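A.B. asks: Below you will find the structure I want to go over with you.
Please treat every number below as a calculation from the coordinates, not as lab data. Note that the structure is predicted; figures quoted are calculated from it, not measured. Cβ: placed from backbone, ideal geometry, glycine included. Neighbour counts: every protein chain shown.
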Amino acid sequence: MESTNIYALTEGQRQMVEAAICAQVPPYCTSMFEPFINGCRTAAKQLPQSIYKWRDAVVEADFGLLRNLPLDSEMPATPLVRYAADSLSMLADSVIATVGTLFGEVYNIEGKARGRHIHNIYPIKADESTQLGSSKVDLVWHVEEAFHVGRPTWLALFCLRSDAEAVTRIARARDLDLPANVTSALRECRFELQVDETYALDGQPGSVISPVLSGAADSPEIVLDPAYTVFRDSVEQTAVSAVLKAAEAAHHNFRLREGDLLLFNNRRTIHARTAYQPRMDGSDRWLKRVFILSPPALTAHLLSGIMPFHFAE
Ligand SMILES: O=C(O)CCC(=O)C(=O)O
Ligand SMILES: [Fe+2]
């Protein structure tokens, strides 16, 4: 069988995954991360071989989708207020973290999401017009935590409750068709990125300067976050607009369903999400999200799965 980056578990495989996780993984709680993640690593060793083949195909492709993963038998209503589901330990927390360990270290960055390693993403009224995951408007092309050197290598999104309108979009940096003069501007270290407001740290510096593209021409890395970029001239504005236009011409669409886990390389792809209309009645779209880090030089800085906001490289 040829390996593919989109794979749906059979019923038997889904039950195998659930049994391994239930036997090995203690309930998630922020202050007991080590026993939790060690349980996830043990459960990962018992996952079906087809998930390992899928992982290898995802590493090759920079993105992939795993379908029909187990979900909590009793799903709580989608929360309405920020952090409202954070004290709940769900099977879904264990599922996303277990699959996440196949790609590197599941972690969080100091100051983010009150230290919860597994983020709950659902619409929040106060955020509806922002560029946060909790908005309802179009989320423009971006990478996660663009401003941070310890930004995730991989991002996982696990769908607990879907919305037929919301489409998650992924574009690989290697597929962007850009004019040579634009590429050379994007490779200059000149783009100012602001720290986003989900970080709750006092007195932190407000921004960093970064190139948009770096690395080999045939497999470039990308750092992009237009909503948090301070454009200082038309060269920067034109270059970033060209990236957004190229992404419109070279992306993959995913309308996530319950039990779908979308995984993508956050250093080699950009992602976006279309607008949708939340009802705010407990039935709205709900995702779990984890950050995953893989270069050992960066993972060496983690303490109980937390990357310090500041560290010496
Ligand atoms: O809602 C989505 O599909 C993606 C949201 C997003 O960009 C994120 O959570 O990082
Ligand atoms: Fe995002």
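A.B. asks: Does LEU298 satisfy the condition of being touching a Gly at 6+ places or on another chain (Cβ under 9 Å) and outside any helix (DSSP H, G or I)?
C.D. replies: no
A.B. asks: Then there's this: Pairs please, first residue from the stretch 168-189 and free of Cβ contacts under 8 Å to residues at least 60 places away in the same chain and over 30 Å from PHE158 (Cα atoms), second anywhere and in a loop (DSSP other than H, G, I, E, B) and aliphatic (A, V, I, L, M), Cβ atoms under 8 Å, 6+ apart in sequence or on different chains.
C.D. replies: Going by the 8 Å Cβ cut-off, the qualifying pairs are LEU186/LEU178; LEU186/VAL212; ARG187/VAL212.
A.B. asks: Only one of (1) more than 11 Å from ligand 1 (Cβ to nearest atom); (2) surrounded by 22 or more Cβ atoms within 10 Å (Cβ to Cβ) is not met by GLU145, so which one is it?
C.D. replies: Here GLU145 meets the rest and fails (1).
A.B. asks: What number of residues within the stretch 225-240 satisfy the criterion of being within 23 Å of the chain's Cα centre (by Cα) and in contact (Cβ under 8 Å) with a residue 40 or more places away in the chain?
C.D. replies: Number satisfying all stated conditions: 5.
A.B. asks: Quick one: VAL243 ticks every box in (1) within 30 Å of THR78 (Cα to Cα); (2) over 17 Å from the mean Cα position of the chain (by Cα) except a single one, so which number is it?
C.D. replies: (1)
A.B. asks: Yes or no: PHE147 within 16 Å of ligand 2 (Cβ to nearest atom) and within 25 Å of GLY206 (Cβ to Cβ)?
C.D. replies: For PHE147, the condition - within 16 Å of ligand 2 (Cβ to nearest atom) and within 25 Å of GLY206 (Cβ to Cβ) - is met.
A.B. asks: Looking at the stretch 84-93, is at least one residue closer than 20 Å to ARG267 by Cβ and either crowded, with 22+ Cβ neighbours inside 10 Å or of a type in the set (Lys, Arg) (or both)?
C.D. replies: Taking every residue of the stretch 84-93 in turn, none turns out to be closer than 20 Å to ARG267 by Cβ and either crowded, with 22+ Cβ neighbours inside 10 Å or of a type in the set (Lys, Arg) (or both).
A.B. asks: Just to be sure I understand, how many residues within the stretch 131-142 are surrounded by fewer than 19 Cβ atoms within 10 Å (Cβ to Cβ) and more than 12 Å from ligand 2 (Cβ to nearest atom)?
C.D. replies: Final tally of qualifying residues: 2.
A.B. asks: Next up: Scan (1) buried (at least 20 other Cβ atoms within 10 Å of the Cβ); (2) in contact with a Phe, Trp or Tyr (Cβ under 6 Å, 6 or more places away or on another chain) for the single condition VAL58 breaks and write down its number.
C.D. replies: With respect to (1) buried (at least 20 other Cβ atoms within 10 Å of the Cβ); (2) in contact with a Phe, Trp or Tyr (Cβ under 6 Å, 6 or more places away or on another chain), VAL58 is out only on (2).
A.B. asks: Kindly indicate the residue of the stretch 270-295 that is among the charged types (D, E, K, R) and surrounded by fewer than 17 Cβ atoms within 10 Å (Cβ to Cβ) and also farthest from ligand 2 (Cβ to nearest atom) among those meeting that condition.
C.D. replies: Among residues in the stretch 270-295 that are among the charged types (D, E, K, R) and surrounded by fewer than 17 Cβ atoms within 10 Å (Cβ to Cβ), the one farthest from ligand 2 (Cβ to nearest atom) is ASP281.
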